[in-house]
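Colleague: Encoded as C-alpha cells, here's the structure I'll be asking about.
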Amino acid sequence: MMASSDPAVIQTRRLSKRYRRVTALSEATVTVPEGRISALIGPNGAGKTTLLRLLTGLARPTGGDITVLGGTPRQNAAFLSGVGFLAQEIPLYRHLSAEDHIGIGAHLNARWDGTSVRRRLESLDIPVDRQVGRLSGGQRAQLALALTLAKRPRLLLLDEPVAALDPLARRQFLAHLAEAVADGGLTVVLSSHLLADLERTCDHLILLAKSRVQLCGDIDTLLAEHQVLVGPAKDTTAIERDHTLVQAVRTARQTTLLIRRSGPVIDPAFEVADVGLEELVLGYMGQVAGAAPAQLTSIGEDQ
Amino acid sequence: MTWLVWRQHRNQAYFAAAALAAFAVLLLVTGHQIASQYQSAVTACVASQTCGDLANVLSLGSPVLTLLVTLTVAVPALLGVFWGGPLVARELETGTNQFAWTQGISRSRWLTVKIGWVMLAAAAWGGAVSALVTWWSGPENALKHQNFQPGQFDIQGIVPVGYVLFAVALGVTAGTLLRRTLPALAVTLGLFALLRIVVAEFLRPRYMTAITTAYNLLHPVTPRGSFWQLASGTLGPGGKVQSFLGIGSAKIELREQFSAHLNQVIVDRVPPACSAYLHGVSPLPAVACLTRQGYRGFLTYQPASRYWAFQSIETGIFVFLAVALIAVAAIAVRRRDA
C-alpha cells in the first residue's frame, strides 16, 4: 500500500516561523506522502503546534515554502474544505451543544457528514443535546475529533489529539483513525510528545526538537537507514567519516554508536544491530539535548 | 454563517428584545400622558392668553422618567462594550476562532457576516430607543425648544444610530487588535467617550458658520424655535466684546437677578458715566445709559432650521469612522495569525 511514488500531500522547504524574538520553527523541510499516518514527535515547545498551524493556514510563515494538497494554505473555502484541524485546547463553543456544532458544520462546509458524528457520539454514550461546557474533557475531545472527521478532509492535522483520552479511548480512537485512512484518500499528521502513544498506528515520522526537524520519513525507511554499533572503546574516526554519527555512548570498556548508514559497515570490531523506533527517537533527541545523562557523550552535527 | 451567529447570540438577542419592549411600553404609556397634559395646558393658556410664560410654569413627566430618558445617552457605549467588544475577542480568547477558521469558509466571510448582523441589530436597537425618546420628548421640545441643546441633541433624531454603529465597530476592532475582552471593553469605553466629547465640544459648533446678531440692550431678541445658543454678551462702543456678559439677556425683566448680577460682577467695569445708575433699585436706567454710550447686546447661535443638517453631519462623521474601524478589523483578521 505504501509506495515511494505516492504524491506528497505536504511539502515544505526551509519553512520558518518567528514570533518577534522567538523562533518557533526554523528551516523545516518536511515531506508527507499521501496515505500516511505521520507521527509528529518532539518535546514540549519543539514547534509541533507551530508546524501544524502553518499547514492549516492559521498562521503565516516568515520564511520558506509550503505546499499542502497542491496549494498554499490559505483562508478560502476551497483550501479549507480539504483540511481538518483539531487544536490542542479542543476549542468548541462551550454554551452550545454537540447538536449545535453538527449544525454549524453543516452550514459552513460543502461536504459534511453529520450522521457519522451522531453515530459516533451514540456509540460513545455522549449526549448530543448537552452544552459542550458540561461534557467531560474526554467526551469533548471525542466530539471534536468526530466533528473534524465529519468534514471528510483529505488531510487531517491533529494537535495532541490523544492527550485528553484515557488509554482505552486512546486505542479506540487510533484504530478508528487507521480505518479511515485504510478507506483511502486520507493523510493524517498527529502530534504528541510521547512516542509510545502513536508508535502502533503511525507509518511516518517527523521528529522535531529545538524548532528544527531532526528526522522526517517513512518509519520503515528510517529504521533501515540507521544502525547501532557496539564495540570496544577505540578510536571511531573512520566510522564517523564514512557514516553520520547520531549518538555515541562511551564507557571505559565499550562504545555504542547510533549511526545513519551511508553503505555497509565494515569494521569487524563492531557488532551491528538494527535499531528500534524508540531508540532512534531518543538518540536524536539526546543529540539535541546535548548533555543528557552524565555517562552519555553526544556528538553529531545538525542535519 | 448566519445560523452560527444566531446560535451564538440568540440569548443576547432575546434579552435585548425584552429590555427594548419594556422600555417601549414605559415610554409609550408615559408619553401619551405627557402629550395630553401638554395639550390641555396649551388649550388652557390660549384661553387665558398666558402662553408666553408656559415654559416656566409647566413641568411635564416625572424627574425619574426624565433621568431615564437622559441616560439613554449611554446606550451606544453599552452596545459597543457588550456586543462589539466580545464579538471577535471572545473567540480569540477561548480559541473557538480556530474551530471556525478551519471550517470550509473564509475568515473574511466569517467576519463580514458576524459584523453585519451585530451592526444591523445594534443600529435597529439603538434606532428604536432613539425613535422612542424623540417621540416621547415631543411636547418638551415644543415647550422648551430644547432638542438642539447639547445633551438632547445627542439622544434624539438620527445621531444615536451613528454613535451606535461607531461604538460597536470600535468594540469589534479593539477586541480584534487586543485579543482580550476586558482590555477591549476598557479601550472601547475610553475612546468612545473621548471622541464623543471632542466632537460635541469642538467640532459640532463649527459644522456651519454660526450666526451673530447684535441688538439694542433694551430690546433683546430671541431667535425662533429650537436654536442653539453658542455665545451671548455685550459689545462695547468700538464693537469689542465686553467682559460683563448677560446684560442684554432676556432676563432683563427679572429685576432681582439682574441687579445682583450688576452689583457683583460688573460694577467696576461699567463706564464712569453710567456707574451712578448702578445703585438704583431698577437696573433699567443703567441699561439705558449703556445703550446711550453705544453698548449693544449680541447673540451667536445656530438657528433651528439647521437642526437636521447638523444631525446628518454628525451621523455621517460617526458612520464614516465606523466603516474605517471595520476595515482595520477586517485587515487584522485576514492578515494576522490565529
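Colleague: Would you tell me the mean number of C-beta atoms belonging to other protein chains that fall within 10 Å of each C-beta in A:79-87, as a whole number? Kindly include the intermediate steps, with their values, before the conclusion.
Modeller: Working: counts 2, 7, 3, 1, 2, 2, 6, 3, 7.
Taking the mean over all residues of the peptide, I get 4.
Colleague: So how far, in whole Å, is the C-alpha centre of region B:55-81 from the one of region B:203-238?
Modeller: Region B:55-81 and region B:203-238 have Cα centres spaced 28 Å from each other.
Colleague: Let me ask another. Can you give the three extents of the C-alpha atoms in region A:8-209 along their principal axes, from longest to shortest, in whole Å?
Modeller: So the three principal-axis extents are 45, 36, 36 Å.
Colleague: Still on this structure, please answer the following. Once every Cα of the protein assembly as shown carries one equal point scatterer and solvent is ignored, give the base-10 log of I(q)/I(0) from the Debye formula at q = 0.09, 0.10 Å⁻¹, two decimals.
Modeller: With no solvent term, the Cα-only Debye profile gives -0.86, -0.97.
Colleague: Just the number, please: percent antiparallel of the DSSP beta bridges in region A:8-209, rounded to the nearest 5. Present the calculation step by step, with values, prior to reporting the outcome.
Modeller: Numbers: 15 of 32 bridges.
Close to 45 percent.
Colleague: Right, here's the next one. Taking beta carbons within 10 Å but only from partner chains, what does the mean come to for residues B:92-99?
Modeller: Values: counts 0, 0, 5, 6, 7, 3, 11, 14.
Average per residue, whole number: 6.
Colleague: What angle do you read, to the nearest 10 degrees and between 0 and 90, between the alpha-carbon axis of helix A:98-108 and the longest principal axis of chain A?
Modeller: 90
Colleague: Also, I was wondering about something else. Output the peptides A:231-241, A:105-115 sorted from most to least packed, where packing is the average of other Cβ atoms within 10 Å over each peptide's residues. Kindly include the intermediate steps, with their values, before the conclusion.
Modeller: Values: A:231-241: 12.8, A:105-115: 16.8.
Listed from highest to lowest mean packing, they are A:105-115, A:231-241.
Colleague: Just checking the output field for A:143-152: average partner chain Cβ neighbours within 10 Å of each residue's Cβ? Before the final figure, lay out the partial values.
Modeller: Numbers: counts 0, 1, 0, 0, 2, 2, 0, 0, 3, 0.
Counting other chains' Cβ atoms within 10 Å and averaging over A:143-152 gives 1.
Colleague: Can you give the calculated 222 nm mean residue ellipticity of the protein assembly as shown, where each DSSP H run of n ≥ 4 adds -39,500 (n - 2.57) and the sum is split over every residue, rounded to the nearest 500 deg cm²/dmol? Write down the numbers at each step before the final one.
Modeller: On the way: 24 runs with 298 residues, N = 641.
Mean residue ellipticity, 222 nm, calculated: -14500 deg cm²/dmol.
Colleague: Just B:V323, B:V57, B:V241 to compare: in a GNM of chain B, with alpha carbon springs under 10 Å, which one fluctuates most?
Modeller: Per the Cα network of chain B with a 10 Å cutoff, B:V57 tops the list.
Colleague: Using modelled amide H (1.01 Å from N, peptide plane; none on Pro or chain starts), what sits under 5 Å from the amide H of A:G64, excluding residues fewer than 5 places away?
Modeller: Residues meeting the criterion, in which the H sits 1.01 Å from N, are A:S16.
Colleague: Could I ask something else about it? Give the cross-link partners of B:K240 among the aspartates and glutamates, using a straight C-alpha distance below 18 Å as the criterion and excluding same-chain residues fewer than 8 apart.
Modeller: B:D268
Colleague: For chain B, which DSSP H helices look membrane-span-like by this rule: Cα extent along the axis of 20 Å or more and mean Kyte-Doolittle of at least -1.0? Working shown, then result.
Modeller: Details: long enough: B:2-48 (64 Å, 0.61); B:107-136 (43 Å, 0.79); B:159-178 (28 Å, 1.94); B:181-198 (25 Å, 2.00); B:307-335 (42 Å, 1.49).
Flagged H segments are B:2-48, B:107-136, B:159-178, B:181-198, B:307-335.
Colleague: Taking the Cα centre of each part, how many Å lie between region A:177-256 and region A:34-98?
Modeller: 24
Colleague: Using the number of other C-beta atoms within 10 angstrom as an exposure proxy, rank A:S191, A:S211 with the fewest first. Please report the intermediate quantities before stating the final value.
Modeller: Numbers: A:S191 26, A:S211 21.
The order, fewest Cβ neighbours first, is A:S211, A:S191.
Colleague: Let me ask something else about it. May I ask you to order B:85-95, B:8-18, B:104-114 by the average number of other C-beta atoms within 10 Å around their residues, highest value first?
Modeller: Numbers: B:85-95: 21.7, B:8-18: 13.5, B:104-114: 18.7.
Highest to lowest by the protection proxy: B:85-95, B:104-114, B:8-18.
Colleague: Based on the mean of other beta carbon atoms within 10 Å per residue, what is the order of B:302-310, B:71-79, most packed first? Mind dumping the intermediate values first?
Modeller: Working: B:302-310: 16.3, B:71-79: 18.9.
Going by the mean number of other Cβ atoms within 10 Å, highest first, we get B:71-79, B:302-310.
Quick note: the coordinates plus some simple rules give every number you see, no bench work behind them. Because the structure is predicted, anything quoted here is derived from the model rather than measured. Quick reminder, even Gly has a Cβ in these numbers, built from the backbone with ideal geometry, and neighbours come from all protein chains shown.
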